[in-house]
Amino acid sequence: MGRPPQPKRRGQDPYHVRDGVREVTTYADRQRAARAAAVDRPEDYRDYAHLVVDEAQDVSPMQWRMLGRRGRLASWTIVGDPAQTAWTGDPAELARARDRALGSRRRHEFTLSTNYRNPAEIFAEAAAVIREVSPDLPLPKAVRSTGVPPVALTAPEPALRTAVHDATTRLLAEVEGTVGVITPAPRRAEVTTWLAELLTTTPRLQVVTGLESKGMEYDAVLLLAPDEIRSEAGARTLYVALSRATQRLTQIHVINNPPRSA
């Protein structure tokens, strides 16, 4: 987003020949050229005047180092939700990498305290999950209510296909907008097959995994096997999945479910 001021460059040498070597050079000239050639950067490489980092909670220490190199002269806008982080390492390591990237710049921090996406009935489900792993984490307050509580269903494995299809059809009838079916990663292909006809005829329907749902928003969500999502990707990913819906949330818990492999 814009380029920072560039240092003045030396003017064109009138004694410049095709092979790139000046007709008359000094040892210092040749050393300077060698050092410049040793910097292996693409032609379009440049620093930036301003960096915007979205989903900053998922930026790894290595990625912070890369951003720091490209933004030495930049101003920054950083947006993230610690409750949604996929980072499983040491939080202190992540904080150190971010602080090194930002350097000694003056910082202004703003905390968003209002949740406009989820109705209170749905966000209560998500908040209960994140409180188990981060009881002191500040969470936004949901300020609206639909009066419609989330729906919790159970189904044995043999009846799961019918349960998923029926619940999806019901949600499509209840909302005019988008419907997301969020599944554990090992089930995604199978569920996509179950809903193939609906997916073909209904563009507003989508099947995603818990991790893929990050950053998404749906009018209604069918969350399949939440315990499996938590087991494979952690409580924070389950929190993400539970907080995607703006109007309706249905969960299907699988009973008598043997372990599944990817």
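Cβ-Cβ distances below 6 Å connect the following pairs, each with a first residue in region 224-243 that is at positive phi and in the same structural domain as VAL208 (by TED's automatic domain parsing), a second residue that is aliphatic (A, V, I, L, M) and not in a helix (DSSP H, G or I), and a separation of six or more residues or different chains: ALA225/VAL254. Note on region 116-135: residues that are under 20 Å from the mean Cα position of the chain (by Cα) and either touching a residue at least 40 places away in the same chain (Cβ under 8 Å) or assigned to a helix (DSSP H, G or I) (or both) amount to 9. Meeting the requirement of 2 or more residues that are under 17 Å from the mean Cα position of the chain (by Cα), the helices (runs of 4 or more DSSP H) wholly within region 163-262 are 226-233, 235-242.
Scanning region 68-96 for residues that are more than 26 Å from PRO140 (Cβ to Cβ) and among the hydrophobic types (A, V, I, L, M, F, W, C) returns LEU73, ALA74. Can you work out which of the residues in region 57-105 that are among the β-branched types (Val, Ile, Thr) and in a loop (DSSP other than H, G, I, E, B) is surrounded by the fewest Cβ atoms within 10 Å (Cβ to Cβ)? Applying the filter and picking the extreme gives THR88. If I filter region 189-211 for residues that are under 21 Å from ALA83 (Cβ atoms), modelled with pLDDT of 95 or more and touching a Phe, Trp or Tyr at 6+ places or on another chain (Cβ under 9 Å), do I get at least one hit? Within region 189-211, not a single residue is under 21 Å from ALA83 (Cβ atoms), modelled with pLDDT of 95 or more and touching a Phe, Trp or Tyr at 6+ places or on another chain (Cβ under 9 Å). What do you reckon, is GLY89 out of contact with any strand residue (DSSP E or B) (no Cβ under 6 Å at 6 or more places or on another chain), modelled with pLDDT under 95, of a type in the set (Gly, Ala, Ser) and closer than 27 Å to SER243 by Cβ? When the stated conditions are applied, GLY89 passes them. When region 157-179 is filtered for residues that are in contact (Cβ under 8 Å) with a residue 60 or more places away in the chain and in contact with a helix residue (DSSP H, G or I) (Cβ under 9 Å, 6 or more places away or on another chain), the ones remaining, listed by number, are LEU160, VAL164. Could you check, for region 148-166, whether at least one of its residues is over 28 Å from ASP54 (Cβ atoms) and hydroxyl-bearing (Ser, Thr, Tyr)? Checked against the condition, which is being over 28 Å from ASP54 (Cβ atoms) and hydroxyl-bearing (Ser, Thr, Tyr), region 148-166 yields at least one hit.
The values are calculated or read from the model by the stated rules, or taken from the named source; none is laboratory data. Keep in mind that this is a model prediction, so the values were computed, not measured. For neighbour counting, all protein chains shown are included, and Cβ atoms are generated from backbone atoms with ideal geometry for every residue, glycine included.
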